[in-house]
Amino acid sequence: MTEKATLTDKATLTVGDRSIELPVITGTENELAVDITSLRKETGMVTLDPGYVNTGSTLSSITYIDGENGILRYRGYPIEELAERSNFVETSYLLIKGELPNSEEYEKFRQKLRVHSMIHEDLKHFYDGFPSSAHPMAILSAMVCSLSTYYPEAVESEEDTDLTVCRLLSKVRTIAAYSFKKSVGQPFIYPNNSMSYCANFLYMMFGMPTEQYQPDPEVEKALNLLLILHADHEQNCSTSTVRMVGSSQTNLFACISAGICALWGALHGGANQRVLEQLEYIHESGGNVEKFVAGVKDKSEGQRLMGFGHRVYRNHDPRAKIIKEACHNLLNHLGVSDQYLDIALRLEEVALSDEYFIERKLYPNVDFYSGIMYRAMGIPTNMFTVMFALGRLPGWIAHWLEMRDSPDNRIHRPRQIYTGEKLRHYPA
Ligand code: CMC
(Lines give C-alpha, C1' and ligand atoms only; values in the text may rest on other atoms or scores of the structure.)
Protein backbone atom coordinates (compact mmCIF):
# COMPACT_ATOMS: atom_id res chain seq x y z
CA MET A 1 0.00 0.00 0.00
CA THR A 2 1.30 3.45 -0.85
CA GLU A 3 1.53 5.78 2.12
CA LYS A 4 0.15 9.28 1.79
CA ALA A 5 2.92 11.41 0.40
CA THR A 6 1.84 15.00 0.90
CA LEU A 7 4.64 16.03 3.23
CA THR A 8 7.45 13.85 1.99
CA ASP A 9 9.15 13.34 -1.35
CA LYS A 10 9.04 9.54 -1.08
CA ALA A 11 6.18 7.07 -0.92
CA THR A 12 6.65 3.72 0.78
CA LEU A 13 5.14 0.64 -0.78
CA THR A 14 4.89 -2.44 1.39
CA VAL A 15 4.30 -5.85 -0.16
CA GLY A 16 4.32 -8.69 2.36
CA ASP A 17 7.33 -8.07 4.60
CA ARG A 18 9.18 -5.98 2.04
CA SER A 19 9.05 -2.18 1.73
CA ILE A 20 10.42 -0.05 -1.07
CA GLU A 21 10.61 3.69 -1.45
CA LEU A 22 9.25 5.32 -4.57
CA PRO A 23 9.85 8.97 -5.54
CA VAL A 24 6.94 11.40 -5.38
CA ILE A 25 6.73 13.85 -8.24
CA THR A 26 5.07 17.23 -7.68
CA GLY A 27 3.75 19.25 -10.63
CA THR A 28 3.75 23.04 -10.86
CA GLU A 29 0.15 23.11 -9.59
CA ASN A 30 1.09 20.72 -6.75
CA GLU A 31 -0.35 17.64 -8.36
CA LEU A 32 1.32 14.59 -6.86
CA ALA A 33 2.34 11.36 -8.51
CA VAL A 34 4.18 8.29 -7.34
CA ASP A 35 6.87 7.40 -9.84
CA ILE A 36 6.64 3.62 -10.24
CA THR A 37 9.31 3.29 -12.94
CA SER A 38 11.49 1.11 -10.69
CA LEU A 39 8.61 -1.01 -9.34
CA ARG A 40 9.09 -4.01 -11.60
CA LYS A 41 12.82 -4.07 -11.17
CA GLU A 42 12.50 -3.89 -7.40
CA THR A 43 9.50 -6.17 -6.83
CA GLY A 44 8.73 -8.00 -10.09
CA MET A 45 5.27 -6.40 -10.01
CA VAL A 46 3.49 -4.09 -12.43
CA THR A 47 0.58 -1.75 -11.74
CA LEU A 48 -2.87 -2.49 -13.14
CA ASP A 49 -5.12 0.41 -14.12
CA PRO A 50 -7.63 -0.41 -16.89
CA GLY A 51 -8.55 2.70 -18.86
CA TYR A 52 -5.56 4.53 -17.32
CA VAL A 53 -7.98 6.12 -14.85
CA ASN A 54 -5.21 6.82 -12.42
CA THR A 55 -2.05 6.64 -14.48
CA GLY A 56 0.07 9.59 -15.53
CA SER A 57 1.73 8.67 -18.80
CA THR A 58 4.01 11.68 -19.08
CA LEU A 59 5.15 14.98 -17.67
CA SER A 60 3.65 17.75 -19.79
CA SER A 61 3.79 21.53 -19.79
CA ILE A 62 1.01 22.17 -22.31
CA THR A 63 -2.37 22.05 -20.60
CA TYR A 64 -3.50 22.05 -16.99
CA ILE A 65 -6.86 20.69 -15.90
CA ASP A 66 -8.26 20.70 -12.39
CA GLY A 67 -11.30 18.53 -12.80
CA GLU A 68 -12.60 19.07 -9.25
CA ASN A 69 -12.78 22.82 -9.75
CA GLY A 70 -13.58 23.04 -13.47
CA ILE A 71 -10.27 24.67 -14.42
CA LEU A 72 -8.69 24.46 -17.86
CA ARG A 73 -5.57 26.38 -18.90
CA TYR A 74 -3.43 26.27 -22.02
CA ARG A 75 0.21 27.07 -21.21
CA GLY A 76 -1.02 28.72 -18.04
CA TYR A 77 -3.69 30.92 -19.65
CA PRO A 78 -7.28 30.34 -18.45
CA ILE A 79 -9.59 29.04 -21.17
CA GLU A 80 -12.09 31.81 -20.35
CA GLU A 81 -9.51 34.51 -21.23
CA LEU A 82 -8.41 32.81 -24.42
CA ALA A 83 -12.03 32.26 -25.44
CA GLU A 84 -12.79 35.93 -24.98
CA ARG A 85 -9.63 37.55 -26.31
CA SER A 86 -7.67 35.18 -28.56
CA ASN A 87 -8.36 33.61 -31.93
CA PHE A 88 -7.71 30.09 -33.12
CA VAL A 89 -4.49 30.86 -35.00
CA GLU A 90 -2.97 32.66 -32.04
CA THR A 91 -4.07 29.90 -29.64
CA SER A 92 -2.57 27.29 -31.97
CA TYR A 93 0.72 29.19 -31.89
CA LEU A 94 0.55 29.34 -28.09
CA LEU A 95 -0.03 25.60 -27.75
CA ILE A 96 2.62 24.62 -30.27
CA LYS A 97 5.34 27.11 -29.35
CA GLY A 98 4.61 27.57 -25.67
CA GLU A 99 4.20 31.38 -25.73
CA LEU A 100 1.77 33.86 -27.26
CA PRO A 101 3.27 35.30 -30.45
CA ASN A 102 4.33 38.94 -30.72
CA SER A 103 2.85 40.77 -33.72
CA GLU A 104 5.71 39.86 -36.03
CA GLU A 105 5.64 36.18 -35.07
CA TYR A 106 1.88 36.15 -35.46
CA GLU A 107 2.02 37.65 -38.96
CA LYS A 108 4.72 35.22 -40.01
CA PHE A 109 2.71 32.27 -38.73
CA ARG A 110 -0.47 33.46 -40.44
CA GLN A 111 1.41 33.97 -43.66
CA LYS A 112 2.76 30.41 -43.56
CA LEU A 113 -0.74 29.07 -42.98
CA ARG A 114 -1.92 31.05 -45.99
CA VAL A 115 0.84 29.81 -48.27
CA HIS A 116 0.18 26.15 -47.45
CA SER A 117 -3.59 26.11 -47.67
CA MET A 118 -3.92 24.22 -50.95
CA ILE A 119 -3.59 20.47 -51.32
CA HIS A 120 -1.72 18.90 -54.23
CA GLU A 121 -4.00 18.55 -57.26
CA ASP A 122 -3.28 14.80 -57.43
CA LEU A 123 -4.43 14.40 -53.84
CA LYS A 124 -7.84 15.72 -54.89
CA HIS A 125 -8.33 12.56 -56.99
CA PHE A 126 -8.24 10.47 -53.82
CA TYR A 127 -11.72 11.79 -53.05
CA ASP A 128 -13.04 10.03 -56.18
CA GLY A 129 -12.35 6.67 -54.54
CA PHE A 130 -14.67 7.30 -51.60
CA PRO A 131 -18.43 6.69 -51.85
CA SER A 132 -20.46 9.88 -51.37
CA SER A 133 -21.92 8.27 -48.24
CA ALA A 134 -18.44 7.95 -46.67
CA HIS A 135 -18.18 9.33 -43.17
CA PRO A 136 -16.04 12.50 -43.32
CA MET A 137 -13.93 11.27 -40.37
CA ALA A 138 -12.85 8.26 -42.44
CA ILE A 139 -11.97 10.58 -45.31
CA LEU A 140 -10.14 12.97 -43.01
CA SER A 141 -8.02 10.26 -41.44
CA ALA A 142 -7.17 8.67 -44.80
CA MET A 143 -6.30 12.00 -46.40
CA VAL A 144 -4.14 13.16 -43.51
CA CYS A 145 -2.18 9.89 -43.59
CA SER A 146 -1.88 10.31 -47.37
CA LEU A 147 -0.16 13.66 -46.85
CA SER A 148 2.86 11.65 -45.70
CA THR A 149 3.20 10.28 -49.24
CA TYR A 150 3.58 13.84 -50.53
CA TYR A 151 5.83 15.07 -47.75
CA PRO A 152 7.87 12.00 -46.75
CA GLU A 153 10.92 13.88 -45.55
CA ALA A 154 11.86 13.56 -41.88
CA VAL A 155 10.88 16.39 -39.55
CA GLU A 156 14.07 17.12 -37.68
CA SER A 157 15.38 20.69 -37.88
CA GLU A 158 13.32 23.52 -36.44
CA GLU A 159 12.70 24.78 -39.96
CA ASP A 160 11.39 21.40 -41.19
CA THR A 161 9.21 21.15 -38.13
CA ASP A 162 7.71 24.59 -38.69
CA LEU A 163 7.02 23.82 -42.31
CA THR A 164 5.36 20.47 -41.58
CA VAL A 165 3.30 21.88 -38.74
CA CYS A 166 2.03 24.77 -40.89
CA ARG A 167 1.28 22.48 -43.81
CA LEU A 168 -0.72 20.24 -41.56
CA LEU A 169 -2.67 23.00 -39.81
CA SER A 170 -3.55 24.65 -43.07
CA LYS A 171 -4.22 21.62 -45.25
CA VAL A 172 -6.37 19.77 -42.73
CA ARG A 173 -8.81 22.67 -42.95
CA THR A 174 -8.94 22.31 -46.75
CA ILE A 175 -9.23 18.51 -46.56
CA ALA A 176 -12.09 18.85 -44.06
CA ALA A 177 -14.01 21.31 -46.25
CA TYR A 178 -13.46 19.13 -49.32
CA SER A 179 -14.84 16.07 -47.55
CA PHE A 180 -18.04 18.04 -46.98
CA LYS A 181 -18.15 19.12 -50.63
CA LYS A 182 -17.64 15.52 -51.66
CA SER A 183 -20.55 14.36 -49.49
CA VAL A 184 -22.95 16.87 -51.05
CA GLY A 185 -21.63 16.37 -54.57
CA GLN A 186 -20.52 19.97 -55.01
CA PRO A 187 -17.29 21.16 -56.65
CA PHE A 188 -14.33 21.83 -54.40
CA ILE A 189 -13.69 25.50 -53.70
CA TYR A 190 -10.08 26.56 -53.62
CA PRO A 191 -9.00 28.44 -50.49
CA ASN A 192 -9.17 32.21 -50.57
CA ASN A 193 -5.94 33.25 -48.91
CA SER A 194 -7.00 36.84 -48.35
CA MET A 195 -9.33 35.52 -45.65
CA SER A 196 -8.64 34.62 -42.03
CA TYR A 197 -8.20 30.97 -41.05
CA CYS A 198 -11.81 30.46 -39.97
CA ALA A 199 -13.40 32.63 -42.67
CA ASN A 200 -11.44 30.69 -45.28
CA PHE A 201 -12.77 27.41 -43.91
CA LEU A 202 -16.36 28.70 -44.09
CA TYR A 203 -15.65 29.96 -47.60
CA MET A 204 -14.44 26.51 -48.74
CA MET A 205 -17.44 24.87 -47.05
CA PHE A 206 -20.21 27.12 -48.27
CA GLY A 207 -18.79 29.00 -51.24
CA MET A 208 -19.88 28.13 -54.79
CA PRO A 209 -17.96 28.75 -58.00
CA THR A 210 -20.91 30.69 -59.38
CA GLU A 211 -21.57 33.07 -56.49
CA GLN A 212 -19.74 35.45 -54.22
CA TYR A 213 -19.66 34.21 -50.65
CA GLN A 214 -18.65 36.30 -47.69
CA PRO A 215 -18.75 34.56 -44.31
CA ASP A 216 -20.78 36.22 -41.57
CA PRO A 217 -18.26 37.74 -39.09
CA GLU A 218 -20.38 36.53 -36.14
CA VAL A 219 -20.28 32.97 -37.47
CA GLU A 220 -16.54 33.31 -38.00
CA LYS A 221 -16.20 34.51 -34.39
CA ALA A 222 -18.27 31.60 -33.11
CA LEU A 223 -16.15 29.16 -35.10
CA ASN A 224 -12.96 30.66 -33.66
CA LEU A 225 -14.40 30.19 -30.20
CA LEU A 226 -15.39 26.57 -30.77
CA LEU A 227 -11.98 25.70 -32.19
CA ILE A 228 -10.19 27.39 -29.28
CA LEU A 229 -12.30 25.47 -26.77
CA HIS A 230 -11.40 22.18 -28.45
CA ALA A 231 -7.73 23.00 -29.06
CA ASP A 232 -6.25 20.86 -26.31
CA HIS A 233 -7.29 18.74 -23.36
CA GLU A 234 -4.11 17.06 -22.12
CA GLN A 235 -3.87 13.25 -22.15
CA ASN A 236 -7.29 12.37 -23.56
CA CYS A 237 -7.86 9.27 -25.72
CA SER A 238 -6.90 10.80 -29.09
CA THR A 239 -3.93 12.79 -27.76
CA SER A 240 -2.61 9.74 -25.95
CA THR A 241 -3.02 7.88 -29.24
CA VAL A 242 -0.97 10.50 -31.07
CA ARG A 243 1.74 10.21 -28.43
CA MET A 244 1.62 6.44 -28.37
CA VAL A 245 1.86 6.06 -32.15
CA GLY A 246 4.54 8.74 -32.26
CA SER A 247 6.58 6.97 -29.59
CA SER A 248 7.60 4.39 -32.20
CA GLN A 249 8.96 7.29 -34.31
CA THR A 250 6.11 7.22 -36.83
CA ASN A 251 5.79 10.40 -38.90
CA LEU A 252 3.58 13.26 -37.74
CA PHE A 253 0.92 12.82 -40.46
CA ALA A 254 0.40 9.14 -39.56
CA CYS A 255 0.21 10.00 -35.84
CA ILE A 256 -2.43 12.66 -36.44
CA SER A 257 -4.35 10.28 -38.67
CA ALA A 258 -4.39 7.77 -35.80
CA GLY A 259 -5.53 10.52 -33.42
CA ILE A 260 -8.41 11.33 -35.77
CA CYS A 261 -9.51 7.68 -35.66
CA ALA A 262 -9.38 7.65 -31.86
CA LEU A 263 -11.40 10.86 -31.73
CA TRP A 264 -14.12 9.43 -33.97
CA GLY A 265 -15.55 7.11 -31.28
CA ALA A 266 -18.88 7.94 -29.63
CA LEU A 267 -17.40 8.27 -26.14
CA HIS A 268 -14.85 10.84 -27.31
CA GLY A 269 -15.20 13.39 -30.15
CA GLY A 270 -17.92 11.34 -31.82
CA ALA A 271 -20.20 12.32 -28.94
CA ASN A 272 -21.11 15.64 -30.59
CA GLN A 273 -22.74 13.83 -33.50
CA ARG A 274 -24.49 11.46 -31.08
CA VAL A 275 -25.85 14.35 -29.02
CA LEU A 276 -27.60 15.79 -32.04
CA GLU A 277 -28.92 12.37 -33.05
CA GLN A 278 -30.21 11.89 -29.52
CA LEU A 279 -31.97 15.28 -29.58
CA GLU A 280 -33.46 14.36 -32.95
CA TYR A 281 -34.66 11.02 -31.57
CA ILE A 282 -36.29 12.68 -28.54
CA HIS A 283 -37.96 15.26 -30.79
CA GLU A 284 -39.27 12.63 -33.19
CA SER A 285 -40.56 10.42 -30.44
CA GLY A 286 -42.72 13.17 -28.97
CA GLY A 287 -40.24 15.27 -26.97
CA ASN A 288 -40.64 13.44 -23.68
CA VAL A 289 -37.33 14.29 -21.98
CA GLU A 290 -38.24 12.68 -18.64
CA LYS A 291 -39.00 9.36 -20.35
CA PHE A 292 -35.69 9.48 -22.19
CA VAL A 293 -33.73 10.23 -19.01
CA ALA A 294 -35.55 7.39 -17.23
CA GLY A 295 -34.43 5.07 -20.06
CA VAL A 296 -30.82 6.19 -19.62
CA LYS A 297 -30.95 5.55 -15.88
CA ASP A 298 -32.58 2.19 -16.40
CA LYS A 299 -29.49 1.11 -18.41
CA SER A 300 -31.39 -1.80 -20.00
CA GLU A 301 -30.81 -0.40 -23.48
CA GLY A 302 -27.23 0.56 -22.78
CA GLN A 303 -28.07 4.14 -23.73
CA ARG A 304 -26.00 6.96 -22.19
CA LEU A 305 -26.94 10.60 -22.10
CA MET A 306 -24.51 11.81 -24.74
CA GLY A 307 -22.71 15.05 -24.06
CA PHE A 308 -22.84 14.31 -20.33
CA GLY A 309 -20.08 13.12 -18.05
CA HIS A 310 -16.33 13.37 -18.18
CA ARG A 311 -13.44 11.33 -16.87
CA VAL A 312 -11.70 14.37 -15.41
CA TYR A 313 -14.35 17.05 -14.72
CA ARG A 314 -16.29 16.21 -11.57
CA ASN A 315 -17.90 19.60 -11.02
CA HIS A 316 -18.42 21.32 -14.36
CA ASP A 317 -16.75 21.43 -17.75
CA PRO A 318 -15.67 25.07 -18.18
CA ARG A 319 -15.90 24.68 -21.96
CA ALA A 320 -19.56 23.68 -21.76
CA LYS A 321 -20.34 26.81 -19.74
CA ILE A 322 -18.77 29.05 -22.40
CA ILE A 323 -20.40 27.19 -25.28
CA LYS A 324 -23.85 27.36 -23.75
CA GLU A 325 -23.73 31.14 -23.64
CA ALA A 326 -22.16 31.40 -27.10
CA CYS A 327 -24.85 29.10 -28.44
CA HIS A 328 -27.60 31.46 -27.28
CA ASN A 329 -25.74 34.45 -28.74
CA LEU A 330 -25.21 32.79 -32.12
CA LEU A 331 -28.80 31.63 -32.43
CA ASN A 332 -30.02 35.11 -31.48
CA HIS A 333 -27.72 36.71 -34.03
CA LEU A 334 -28.86 34.35 -36.78
CA GLY A 335 -32.49 34.72 -35.72
CA VAL A 336 -32.73 30.93 -35.45
CA SER A 337 -35.05 29.26 -33.02
CA ASP A 338 -33.98 25.65 -32.73
CA GLN A 339 -36.34 23.13 -31.16
CA TYR A 340 -33.29 20.98 -30.41
CA LEU A 341 -31.91 23.72 -28.17
CA ASP A 342 -35.15 23.69 -26.20
CA ILE A 343 -34.88 19.92 -25.78
CA ALA A 344 -31.21 20.22 -24.75
CA LEU A 345 -32.02 22.86 -22.13
CA ARG A 346 -34.77 20.70 -20.74
CA LEU A 347 -32.54 17.61 -20.77
CA GLU A 348 -29.86 19.49 -18.86
CA GLU A 349 -32.38 20.73 -16.31
CA VAL A 350 -33.88 17.28 -15.74
CA ALA A 351 -30.49 15.52 -15.56
CA LEU A 352 -28.88 18.06 -13.25
CA SER A 353 -31.64 17.70 -10.70
CA ASP A 354 -31.69 13.91 -10.86
CA GLU A 355 -30.01 11.84 -8.14
CA TYR A 356 -28.49 9.45 -10.71
CA PHE A 357 -26.49 12.24 -12.35
CA ILE A 358 -25.77 14.13 -9.10
CA GLU A 359 -24.38 11.04 -7.40
CA ARG A 360 -22.10 10.21 -10.33
CA LYS A 361 -21.06 13.85 -10.83
CA LEU A 362 -22.24 13.90 -14.43
CA TYR A 363 -22.46 17.36 -16.02
CA PRO A 364 -22.81 18.62 -19.60
CA ASN A 365 -19.48 18.41 -21.39
CA VAL A 366 -18.04 20.31 -24.35
CA ASP A 367 -20.09 18.24 -26.79
CA PHE A 368 -23.51 18.97 -25.32
CA TYR A 369 -24.17 22.34 -26.95
CA SER A 370 -21.48 22.50 -29.66
CA GLY A 371 -23.59 20.54 -32.16
CA ILE A 372 -26.43 23.04 -31.90
CA MET A 373 -23.99 25.81 -32.82
CA TYR A 374 -22.56 23.85 -35.73
CA ARG A 375 -26.09 23.09 -36.91
CA ALA A 376 -26.95 26.80 -36.81
CA MET A 377 -23.85 27.48 -38.92
CA GLY A 378 -25.13 25.04 -41.55
CA ILE A 379 -22.62 22.30 -40.79
CA PRO A 380 -24.18 18.85 -41.18
CA THR A 381 -24.27 16.43 -38.26
CA ASN A 382 -21.75 13.95 -39.66
CA MET A 383 -19.19 16.78 -39.93
CA PHE A 384 -19.34 17.67 -36.22
CA THR A 385 -16.50 15.37 -35.21
CA VAL A 386 -14.42 16.69 -38.10
CA MET A 387 -14.88 20.15 -36.56
CA PHE A 388 -13.62 18.76 -33.25
CA ALA A 389 -10.58 17.32 -35.06
CA LEU A 390 -9.87 20.65 -36.71
CA GLY A 391 -9.89 22.29 -33.30
CA ARG A 392 -7.86 19.58 -31.57
CA LEU A 393 -5.13 19.58 -34.23
CA PRO A 394 -2.79 22.15 -32.57
CA GLY A 395 -3.04 20.24 -29.31
CA TRP A 396 -2.12 16.96 -30.99
CA ILE A 397 0.80 18.67 -32.71
CA ALA A 398 2.01 20.27 -29.47
CA HIS A 399 1.92 16.90 -27.71
CA TRP A 400 3.69 15.15 -30.58
CA LEU A 401 6.47 17.74 -30.44
CA GLU A 402 6.72 17.53 -26.66
CA MET A 403 6.88 13.73 -26.86
CA ARG A 404 9.49 13.82 -29.61
CA ASP A 405 11.71 16.29 -27.80
CA SER A 406 11.44 14.76 -24.34
CA PRO A 407 14.59 13.10 -22.98
CA ASP A 408 12.26 10.55 -21.30
CA ASN A 409 10.67 9.51 -24.57
CA ARG A 410 10.54 5.73 -24.84
CA ILE A 411 8.34 3.56 -26.99
CA HIS A 412 4.95 3.20 -25.28
CA ARG A 413 4.54 -0.37 -24.25
CA PRO A 414 2.12 -1.05 -21.39
CA ARG A 415 2.25 -4.31 -19.48
CA GLN A 416 -0.64 -6.70 -18.82
CA ILE A 417 -1.65 -9.41 -16.41
CA TYR A 418 -2.14 -12.59 -18.41
CA THR A 419 -5.34 -14.46 -17.50
CA GLY A 420 -5.47 -17.06 -20.30
CA GLU A 421 -4.75 -20.77 -20.40
CA LYS A 422 -1.66 -22.16 -18.69
CA LEU A 423 0.80 -24.06 -20.86
CA ARG A 424 -0.86 -26.83 -22.89
CA HIS A 425 0.40 -28.85 -25.81
CA TYR A 426 -0.75 -29.10 -29.40
CA PRO A 427 -2.64 -32.40 -29.90
CA ALA A 428 -0.44 -35.18 -31.25
N1 CMC B 1 -25.05 8.92 -19.18
C2 CMC B 1 -25.45 8.04 -18.24
N3 CMC B 1 -24.63 7.47 -17.36
C4 CMC B 1 -23.34 7.80 -17.42
C5 CMC B 1 -22.85 8.72 -18.35
C6 CMC B 1 -23.75 9.29 -19.25
N7 CMC B 1 -23.36 10.17 -20.17
N8 CMC B 1 -21.51 8.86 -18.17
C9 CMC B 1 -21.18 8.07 -17.16
N10 CMC B 1 -22.28 7.42 -16.69
C11 CMC B 1 -22.36 6.52 -15.55
C12 CMC B 1 -21.83 5.13 -15.88
O13 CMC B 1 -22.86 4.29 -16.37
C14 CMC B 1 -21.29 4.69 -14.55
O15 CMC B 1 -22.40 4.33 -13.76
P16 CMC B 1 -22.27 3.12 -12.67
O17 CMC B 1 -21.35 3.65 -11.62
O18 CMC B 1 -23.66 2.90 -12.21
O19 CMC B 1 -21.70 1.94 -13.40
C20 CMC B 1 -20.71 5.98 -13.96
O21 CMC B 1 -21.48 7.04 -14.56
C22 CMC B 1 -19.23 6.19 -14.26
O23 CMC B 1 -19.07 6.09 -15.66
P24 CMC B 1 -17.73 5.63 -16.36
O25 CMC B 1 -18.06 5.06 -17.69
O26 CMC B 1 -16.95 4.77 -15.42
O27 CMC B 1 -16.97 7.02 -16.51
P28 CMC B 1 -15.71 7.26 -17.41
O29 CMC B 1 -14.90 8.29 -16.75
O30 CMC B 1 -15.06 5.97 -17.76
O31 CMC B 1 -16.36 7.83 -18.78
C32 CMC B 1 -17.23 9.28 -20.41
C33 CMC B 1 -16.34 9.15 -19.15
C34 CMC B 1 -17.10 10.69 -20.98
C35 CMC B 1 -16.77 8.26 -21.46
C36 CMC B 1 -18.70 9.00 -20.00
O37 CMC B 1 -19.13 9.95 -19.06
C38 CMC B 1 -19.63 8.96 -21.20
O39 CMC B 1 -19.80 7.88 -21.81
N40 CMC B 1 -20.28 10.12 -21.57
C41 CMC B 1 -21.11 10.17 -22.75
C42 CMC B 1 -20.25 10.33 -23.98
C43 CMC B 1 -19.67 11.74 -24.09
O44 CMC B 1 -20.37 12.73 -23.95
N45 CMC B 1 -18.37 11.82 -24.42
C46 CMC B 1 -17.68 13.09 -24.62
C47 CMC B 1 -16.70 13.39 -23.53
S48 CMC B 1 -16.16 15.13 -23.57
C49 CMC B 1 -15.32 15.28 -25.06
C50 CMC B 1 -14.05 14.56 -25.05
O51 CMC B 1 -13.08 15.06 -24.43
O52 CMC B 1 -13.97 13.52 -25.70
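The values are calculated or read from the model by the stated rules, or taken from the named source; none is laboratory data. Note that the structure is a prediction, hence the values are computed from the model and not measured. Virtual Cβ from ideal backbone geometry, glycine too; neighbours counted across all protein chains shown. To get the accessible areas, we keep the full protein, side chains included, count just its heavy atoms, and leave off ligands, DNA and RNA. Shrake-Rupley method; radii C 1.70, N 1.55, O 1.52, S 1.80 Å.
How much FRET efficiency would the formula 1/(1 + (r/R0)^6) give for Lys97 and Asp49, where r is the Cβ-Cβ distance and R0 is 35 Å, rounded to 0.05?
Working: r = 33 Å, r/R0 = 0.94.
Calculated value: 0.60.
Helix 103-115 versus the longest principal axis of the chain: what angle, 0 to 90°, nearest 10, using Cα atoms?
Relative to the chain, helix 103-115 is tipped by roughly 70 degrees.
Given the rule -39500 (n - 2.57) for each run of at least 4 DSSP H residues, summed and divided by the residues of the chain, what is its mean residue ellipticity at 222 nm, to the nearest 500 deg cm²/dmol?
So the calculated ellipticity at 222 nm is -16000 deg cm²/dmol.
Structure shown: which of Lys10/Lys41; Lys112/Lys182; Lys324/Lys361; Lys299/Lys321; Lys41/Lys361; Lys299/Lys422 lie over 29 Å apart, alpha-carbon to alpha-carbon?
Numbers: Lys10/Lys41 17 Å; Lys112/Lys182 27 Å; Lys324/Lys361 19 Å; Lys299/Lys321 27 Å; Lys41/Lys361 38 Å; Lys299/Lys422 36 Å.
Listed pairs above 29 Å: Lys41/Lys361; Lys299/Lys422.
Counting only other residues whose beta carbon sits under 14 Å from that of Leu341, what net charge do I get with K and R as +1, D and E as -1? Kindly include the intermediate steps, with their values, before the conclusion.
On the way: positive: Lys324, Arg346, Arg375; negative: Glu280, Glu325, Asp338, Asp342, Glu348, Glu349.
Here the charged neighbours net out to -3.
In whole Å, what is the distance between the alpha-carbon centres of the stretch 238-257 and the stretch 101-130?
A separation of 21 Å, based on Cα centres.
Could you tally the net charge around Arg360, taking each other residue with its Cβ under 13 Å from the Cβ of Arg360, Lys/Arg +1 and Asp/Glu -1? Mind showing how you got there, number by number?
Numbers: positive: Lys297, Lys299, Arg304, Arg311, Arg314, Lys361; negative: Asp354, Glu355, Glu359.
Residues near Arg360 contribute +3 overall.
Which order do the peptides 44-55, 215-226 take when ranked by the mean count of other beta-carbon atoms within 10 Å per residue, highest first?
Values: 44-55: 10.1, 215-226: 20.3.
Top of the packing list down: 215-226, 44-55.
Calculate the spin-label point distance for Ser61 paired with Glu325, positioning each point 7 Å from the Cα along the beta-carbon direction, and give it in nanometres.
Between Glu325 and Ser61, the label points sit 3.1 nm apart.
Calculate, in nm to one decimal, what Ser19 and Asn193 gain on full extension: separation in residues at 0.36 nm each, minus their alpha carbon distance. Could the numbers behind the result be given before it?
Details: separation 174, 0.36 × 174 = 62.64 nm, distance 6.36 nm.
Extra length from Ser19 to Asn193 when fully extended: 56.3 nm.
Dipole of the stretch 135-183 (Lys/Arg Cβ +1, Asp/Glu Cβ -1, origin at the Cα centre): which of Tyr151, Leu168, Ile139 lies farthest to the positive side?
Of the options given, the answer is Ile139.
How would you rank 206-213, 145-152, highest first, on the average number of other Cβ atoms within 10 Å across their residues?
Numbers: 206-213: 11.8, 145-152: 16.0.
Going from most to least packed, we get 145-152, 206-213.
What's the extension gain from Lys422 to Ser132 if we count 0.36 nm per residue and subtract their Cα-Cα distance?
On the way: separation 290, 0.36 × 290 = 104.40 nm, distance 4.95 nm.
My answer for the length gained is 99.5 nm.
How long is the gain from Leu267 to Asp342 if the chain were fully straight, where each residue apart is worth 0.36 nm and the alpha carbon distance is subtracted? Numbers along the way, then the final one.
Working: separation 75, 0.36 × 75 = 27.00 nm, distance 2.35 nm.
Extra length from Leu267 to Asp342 when fully extended: 24.6 nm.
Identify all lysines with a Cα-Cα distance to Lys108 below 28 Å; exclude those on the same chain that are fewer than 8 residues away in sequence.
Filter leaves Lys97, Lys124, Lys171, Lys221.
Counting only heavy atoms of protein chains, what accessible area per residue, in Å², does the stretch 6-56 have with a probe of 1.4 Å? Don't jump to the answer; show the numbers that get you there.
Values: 3920 Å² over 51 residues.
Counting only protein heavy atoms, the per-residue value for the stretch 6-56 is 77 Å².
Using the Cβ atoms and a cut-off under 13 Å, what net charge is assigned to the surroundings of Asn236, where Lys and Arg are +1 and Asp and Glu are -1?
Values: positive: Arg243, Arg311, Arg319, Arg392; negative: Asp232, Glu234, Asp317, Asp367.
Cβ neighbours under 13 Å give a net charge of 0.
Helix 136-150: angle to the longest alpha-carbon principal axis of the chain, degrees 0 to 90, nearest 10?
In the chain, helix 136-150 runs at an angle near 80 degrees to the longest axis.
Using the alpha-carbon atoms, what tilt in degrees (0 to 90, nearest 10) does helix 271-284 show relative to the longest principal axis of the chain?
Roughly 60 degrees, rounded to the nearest 10.
Where does the chain land on Rg(C-alpha)/(2.2 N^0.38 Å)? Please list the in-between numbers first.
Details: Rg = 23.2 Å, N = 428, 2.2 N^0.38 = 22.0 Å.
Compactness ratio reported: 1.05.
Taking 35 Å as R0, compute the FRET efficiency from the Cβ-Cβ separation of Tyr281 and Glu359 and round it to 0.05.
Values: r = 25 Å, r/R0 = 0.72.
So the FRET efficiency works out to roughly 0.85.
Show me 398-405, 361-368 ranked by packing, highest mean number of other Cβ atoms within 10 Å first. Don't skip to the answer; put the middle values down first.
Values: 398-405: 21.1, 361-368: 23.5.
Result, highest mean first: 361-368, 398-405.
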